[in-house]
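> One structure coming up, written as structure tokens, with questions to follow.
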Amino acid sequence: MVDERRTDVRTRSVRVGAAVAAAALLVVACGDAGSARPTGAAPPPVPPSEGEPVPVRPPEAPPNPTPGHAAPGLPAADPAAGGTGQAGDECDVDEILEPSCGVWWGASPWKGDPRPLEKAAGRPMDIVYTWNGIDQPDVPKDRDLALAAEGRLIHANIEARRFERSGHPEVRYRKIIEGDFDDSLTEQARRVAGTGVPVFVTFDHEADASKRYDKRGSPDEFVRAWRHIVDLYRRNGADNAVFVWNVTGWKGNLDRLPGLWPGNGYVDWISWEAYNMTGCELMDGWDHVVSFEEALRPAYEWIQREGPKHGIDPAKPVMIGEMGTVPIPKGKGSTEEWYAEIPKVLPEYERVKAVKLWDDKTAPSCDFRVLENPAAQRGYTRAGQDPYIRIPDQAREAVTKALENRDRWTTGHPEGSEDTED
């Protein structure tokens, strides 16, 4: 039976001046990825299984506007505050950070640092995607707080892997269910709760990928592990955690999704990916170009048409958790236009409320880094300047004021929190 107990508290809205500030203060559970790569960088990709055209990495009713109500931990917005977004001066953001106008724009940046990408694109990232292991208790880390302090959202994937051990060994889902990681998860929850603002959290992204599906445990065990984490977070005061369920989005995996669905009461956002890998050496035979829309569409249509049959609410906001293209070979298409067309596509898929670039590489000919390709940089810059992807700027001004409370983040423990039994 699907647990709907959380849906009643996910419908309140706030004015952008305060709620987007809450968004930009997201300090989500994310940690060092180990000595093998820079802190906060995404795990190195593993080539997709044969016939699975996505990069598979081992590491995931409309709101009622209430202008005077602020998201947890932030002052109420001034109803007279204006905006500069494409939707005019009125733009609501609800408690799970779903904007009523436009789309959040972000990245999983090269080496974990968004600044070079931001400088080249001529705009800040709304979201920075970061990575940590289920065994890491000290989240959010100082690095994450620093990124948030500069006005960004931080979205983290908590992988079923031990990041504090050499090689980041995998963790079986049953170990999570049995409570083997409750100590680290409890500390994560308390620290997230201590921020006093909404935070995005994903558990073990791409659980539907062939390299991972039914490998760390059964689909049922994935669901039970997900619910265990959500319940533990909530018991420890982290009602501000916004849970994002992430899958690959590849059409060949869609029949796996029903068994991996934790339930509407345990998921706030639905997320998948949109990639093109034309000419990538890891994808032998991929000689065609898949546009952003072609990559996005299958999962979107499946959620809208088939989702309700499996208890999946199609009204939930959608996040394209990772997207990008390798340099498209001459004569097959335009790398610049692949990115530049994104803002033209998004309005046709109204549930999509966030898009993040995967700014990394898997192999010499599988390089998604925007700054390594002039055409990609031009296209990505054009896309990021489109009004549809520009949430009103005064939100960032509100962030600066809200950060006066940053000192209390260092403890990570909400007042009155106590250990609880599972």
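What follows draws every value from the coordinates through simple rules; no lab data is involved. This structure is a prediction, so every number in the text was calculated from the model and none was measured. Methodologically, a virtual Cβ is constructed for each residue, glycine included, from the backbone with ideal geometry; neighbour enumeration extends over all protein chains shown.
> Rounded, prolate or oblate, given the Cα gyration tensor of the range 263-400, with a/c below 1.5 counting as rounded? List each step's numbers first, then the result.
Numbers: a/c = 2.04, a/b = 1.27, b/c = 1.60.
Oblate, because a/c is 1.5 or more while a/b does not exceed b/c.
> Taking amide H positions as placed in the peptide plane 1.01 Å from N, state which residues far from Val355 in sequence (5 or more) or on other chains have amide H under 5 Å from it.
Correct list: Trp104, Trp105, Gly106, Ile320.
> Using each residue's phi in the range 162-174, evaluate 6.51 cos²θ - 1.76 cosθ + 1.60 at θ = phi - 60° and report the 3J(HN,Hα) Karplus result to the nearest Hz, with x for Gly and Pro.
Here the 3J(HN,Hα) series is 8, 6, 8, 10, 4, x, 6, x, 5, 10, 6, 4, 5 Hz.
> Under 5 Å between amide hydrogens, which residues at least 5 positions from Ala274 or on another chain qualify, with H placed 1.01 Å from N in the peptide plane?
Distant-sequence amide H within range of Ala274: Glu322, Met323, Gly324.
> Would you mind ranking Lys353, Lys344, Lys361 so that the residue whose beta carbon has the fewest other beta carbons within 10 Å leads the list? The partial results should precede the final answer.
Values: Lys353 23, Lys344 13, Lys361 18.
Lowest to highest Cβ neighbour count: Lys344, Lys361, Lys353.
> Counting Lys and Arg as +1 and Asp and Glu as -1, each charge on the Cβ, what is the dipole of the range 271-365 about the Cα centre in debye, to the nearest 20? Spell out each step's value before the answer.
On the way: 11 positive and 17 negative charges, 55 e Å.
The calculated dipole for the range 271-365 is roughly 260 debye.
> Another one. Evaluate the distance, in nm, between pseudo-label points positioned 7 Å from the Cα of Gln385 and of Leu282 along their respective Cα→Cβ axes.
Output for this residue pair reads 3.2 nm.
> Would you order Val370, Val93 from fewest to most other beta-carbon atoms within 10 Å of each residue's own beta-carbon? Display every interim value, and only then the final one.
Working: Val370 27, Val93 30.
With the fewest neighbours first, Val370, Val93 line up as Val370, Val93.
> I would also like to ask the following. What are the ³J(HN,Hα) couplings of the range 279-296, residue after residue, when phi is run through the Karplus curve with 6.51, -1.76, 1.60 and θ = phi - 60°? Round to Hz, x for glycine and proline.
Whole-Hz 3J(HN,Hα) from phi for the range 279-296: x, 5, 5, 7, 10, 4, x, 7, 10, 10, 9, 9, 5, 4, 5, 5, 6, 6.
> Oh, and also: Listing Leu153, Leu145 from the residue with the fewest other Cβ atoms within 10 Å to the one with the most, what is the order? Walk me through the intermediate numbers first.
Working: Leu153 28, Leu145 18.
Lowest to highest Cβ neighbour count: Leu145, Leu153.
> What residues qualify as long-range amide H neighbours of Val242, i.e. H under 5 Å apart, gap of 5 or more or another chain, H built at 1.01 Å from N?
Answer set, sorted by chain and number: Val199, Phe200, Val201.
> Further, regarding this structure: Starting from 0.36 nm per residue, how many nanometres of slack lie between Arg234 and Asp220 once their C-alpha separation is accounted for?
2.9 nm
> Applying the Karplus parametrisation 6.51 cos²θ - 1.76 cosθ + 1.60 with θ = phi - 60° to the phi angles of the range 303-320, what ³J(HN,Hα) value in whole Hz is obtained for each residue in order, glycine and proline being reported as x?
3J(HN,Hα) across the range 303-320, in whole Hz: 4, 5, 8, 9, x, x, 5, 10, x, 9, 6, x, 7, 5, x, 10, 10, 7.
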